[in-house]
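Structure first, then comments.
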Amino acid sequence: MAEKPSPIVIGIAGGTGSGKTTVANVILNRVGKHRIAYIPHDAYYRDLRDLPLEQRAAINFDHPNSLESELMVEHILQLKNWEAV
């Protein structure tokens, strides 16, 4: 049996309002949503539900520390190895 090819990873970066989602949607529509695992960075905000409301309200969600980027990278590497996440 032939070995599966390694999936291609496309990263889209840019500032707020720069068109990242628009570019991602164009790629999804052209390639086909059934052929792509779309993983927005926004899906990796840290779980803060255990913090009191006042503390959560003070969080700067634009700061890189508000995201679990390490977990996202781990998930991308797993997907590249055809592993479920």
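The values are calculated or read from the model by the stated rules, or taken from the named source; none is laboratory data. Please read these numbers as outputs of a predicted model, since none were measured by experiment. All Cβ positions, even for glycine, are placed from backbone atoms using ideal geometry, and neighbour counts span all protein chains on display. When the accessible area is computed, the model is the full protein with side chains, heavy atoms only, and any ligands, DNA or RNA have been set aside. Shrake-Rupley method; radii C 1.70, N 1.55, O 1.52, S 1.80 Å.
Within the set of pairs 6+ apart or on separate chains, which have a first residue in segment 57-85 that is farther than 17 Å from D47 by Cα and in contact (Cβ under 8 Å) with a residue 12 or more places away in the chain, a second that is open to solvent by 90 Å² or more (accessible area, probe 1.4 Å) and aliphatic (A, V, I, L, M), and C-beta atoms under 7 Å apart?
From segment 57-85, the pairs are L79/V85.
Evaluate segment 43-50: report whether one residue or more is open to solvent by less than 80 Å² (accessible area, probe 1.4 Å), under 29 Å from E3 (Cβ atoms) and in a helix (DSSP H, G or I).
So the first thing to find is which residues in segment 43-50 are open to solvent by less than 80 Å² (accessible area, probe 1.4 Å), and the list is 43-44, 48.
Filter again for under 29 Å from E3 (Cβ atoms), leaving none.
Within segment 43-50, not a single residue is open to solvent by less than 80 Å² (accessible area, probe 1.4 Å), under 29 Å from E3 (Cβ atoms) and in a helix (DSSP H, G or I).
Would a scan of segment 65-83 turn up a residue that is more than 17 Å from V9 (Cα to Cα), exposed (fewer than 10 other Cβ atoms within 10 Å of the Cβ) and among the aliphatic types (A, V, I, L, M)?
no
Within segment 10-18, does at least one residue satisfy the condition of being of a type in the set (A, V, I, L, M, F, W, C), open to solvent by 70 Å² or more (accessible area, probe 1.4 Å), under 15 Å from the mean Cα position of the chain (by Cα) and on the phi < 0 side of the Ramachandran plot?
Yes, that holds for at least one residue.
Take segment 51-71 and flag every residue that is part of a helix (DSSP H, G or I) and touching a Leu at 6+ places or on another chain (Cβ under 9 Å). Step through it out loud before you land on a result.
Taking segment 51-71 and keeping what is part of a helix (DSSP H, G or I), we get 53-57, 64-66, 69-71.
Hits for segment 51-71 are Q55, R56, S66.
Consider I39 carefully, then state whether it is farther than 23 Å from P5 by Cα and assigned to a loop (DSSP other than H, G, I, E, B).
On the way: farther than 23 Å from P5 by Cα: no; assigned to a loop (DSSP other than H, G, I, E, B): yes.
For I39, the condition - farther than 23 Å from P5 by Cα and assigned to a loop (DSSP other than H, G, I, E, B) - is not met.
Hey, can you tell me all the residues within segment 19-42 that are at pLDDT below 95 and open to solvent by 80 Å² or more (accessible area, probe 1.4 Å)?
Passing the criteria: T21, K33, H34, R35, Y38, D42.
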